[in-house]
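Everything below concerns the one structure shown next.
The values are calculated or read from the model by the stated rules, or taken from the named source; none is laboratory data. What you see is a predicted model; the values in this text were computed from it and never measured. Methodologically, a virtual Cβ is constructed for each residue, glycine included, from the backbone with ideal geometry; neighbour enumeration extends over all protein chains shown.
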Amino acid sequence: MKKNIFKLFALLLMVVLANSCKKEDPLNVDFSQYNIDNPVANTPLDKWLTTTFLDEYNIDVIYRYNRFYHGDDRDVAAVKVDKVQSQMQTVLEGFILPYRKIAGTAFIKKMVPKQFVLFGSGSYNPDNSYTLATAAAGRNITIYAVNDFNINVPGDVVGKLKTIHHEFTHTLNQIVPMPDDFQLITKSTYLATWTTTLDATARDNGYVTPYASSQPGEDFAETVSHLLVFGQAWFDARANSSTAVGKAALKAKEASVVQYFTNMGIDFRALQMEIQNIVRNQYKYQQASFRYWMGQNLYKTMTINLSSDPVYNSSGISSNFSALYNNMRTAVNGIPGYGLTFNFMKLNFPTATTMNVEISFNQGTTALLANYAFTTALNTTTGATKFTIAPVGGTTGPWVGNANILRTSVQPMLDYLANNNFIADWLPTTINADNYNKYGGFYVSGTPTNYFYGLLGQ
């Protein structure tokens, strides 16, 4: 019986082997459609990546899927090929070129990570958060969730740039350690379980995001990236809406960041201005605009002092406005019988829809004010602004007695403001990095050479 079973088994094995070796017509299957790791050399994309990144910066851009680059414990999708160039164009324009211009060619070629790896989806973590990017060994940045990226959506661009600058800050910290003083500013409130921290709580404790509250290294990278990409106005608004303790912490962290870059020989304010100009002018990010922050009532005052503010000497002022201003000053000084001395002009913005012109002057050694009320209509999308003369804003001396004494001298300036349609903008356009985002103003719609601006106050 056993012998018969053995013969039967041997016969079956021979049939299987025979069928396995039988010649068949080749299957008409293109396996490249199923293998997402199938390389195609010298595509137009590969040539662009080679010329733009590898030849110029010795940066290898890896976009074809390889599990080795994201670890065995994650399931991460491959990047869509049509997303690669737009993502890397953003890396070039919003990260590499600004650093190259401000920090120098030698710096960026030495310090920039030599490998960028792209994946299509986010890399999900056990706490239900997901990683948008990582930096490793000072030489690698991995960018996730590229398939969701749309270069025509400003928020997408800003979000990616913030992530890239965050990761590059980690790279810098691996070469030049982060400042010791930074780690002590909010030492007592770092919390590893940051995913349960509300944004308002993080803000009031002195953090730009809840993630920043997870540990000092992430805090430093988040602070740097938000200052550079979201901008100074965003950072100031964050600080102003915090508690007194939180605001002090945020401003202390800002000072530490600026000093860190200074110690590396990099003008942080110049770098910030360069990146903001890209974000604002090229990617049209609304929250980088002066009109947006005027609409948010971030700036409460605009001081215009042509005689003593050195910015007007270095950056100039339109002849239209300077003539009005100087005539007003002469007229106030010449009011008979009062012995007045004109000091400066200030625009106050108590709310987003109200404004008053404040004239500072002296009678002898006594400092006095005269106020004139306006309403403000501002379009935060276009910057179009209309000032309209309003009823007297109060019953005290500045609104009544003083305002009446100066009115004839000041009236041409009031008419200029009321009779023109303006566009709100960061002015002057020639401002230097030290004063960037500290000055803003308005130009006459259709006539950008007719403008005024002043030192902003919050």
Inset, instruction - Would you be able to say whether some residue in the stretch 195-206 is of a type in the set (A, V, I, L, M, F, W, C), modelled with pLDDT under 95 and outside any loop (DSSP other than H, G, I, E, B)? - result: no
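In the list T381, T366, which residue meets the criterion of being in contact (Cβ under 8 Å) with a residue 60 or more places away in the chain, exposed (fewer than 12 other Cβ atoms within 10 Å of the Cβ) and not hydrophobic (A, V, I, L, M, F, W, C)? Working first, answer last.
Values: T366 fails: in contact (Cβ under 8 Å) with a residue 60 or more places away in the chain.
Unique residue meeting the criteria: T381.
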Legend entry - Subset of the stretch 244-258 [touching a residue at least 24 places away in the same chain (Cβ under 8 Å) and exposed (fewer than 14 other Cβ atoms within 10 Å of the Cβ)]: V245
Inset, instruction - Kindly check whether there is at least one residue in the stretch 218-231 that is touching a helix residue (DSSP H, G or I) at 6+ places or on another chain (Cβ under 7 Å), surrounded by fewer than 17 Cβ atoms within 10 Å (Cβ to Cβ) and in the same structural domain as I108 (by TED's automatic domain parsing). - result: no
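Residue-wise test of (1) modelled with pLDDT under 95; (2) under 23 Å from N327 (Cα atoms); (3) of a type outside the set (D, E, K, R); (4) not in a helix (DSSP H, G or I).
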| position | (1), (2), (3), (4) |
| --- | --- |
| I405 | no, yes, yes, no |
| V410 | no, yes, yes, no |
| F422 | no, yes, yes, yes |
| N437 | yes, no, yes, yes |
| T449 | no, yes, yes, yes |
Inset, instruction - Could you please let me know if T330 is more than 30 Å from T429 (Cα to Cα) and exposed (fewer than 12 other Cβ atoms within 10 Å of the Cβ)? - result: no
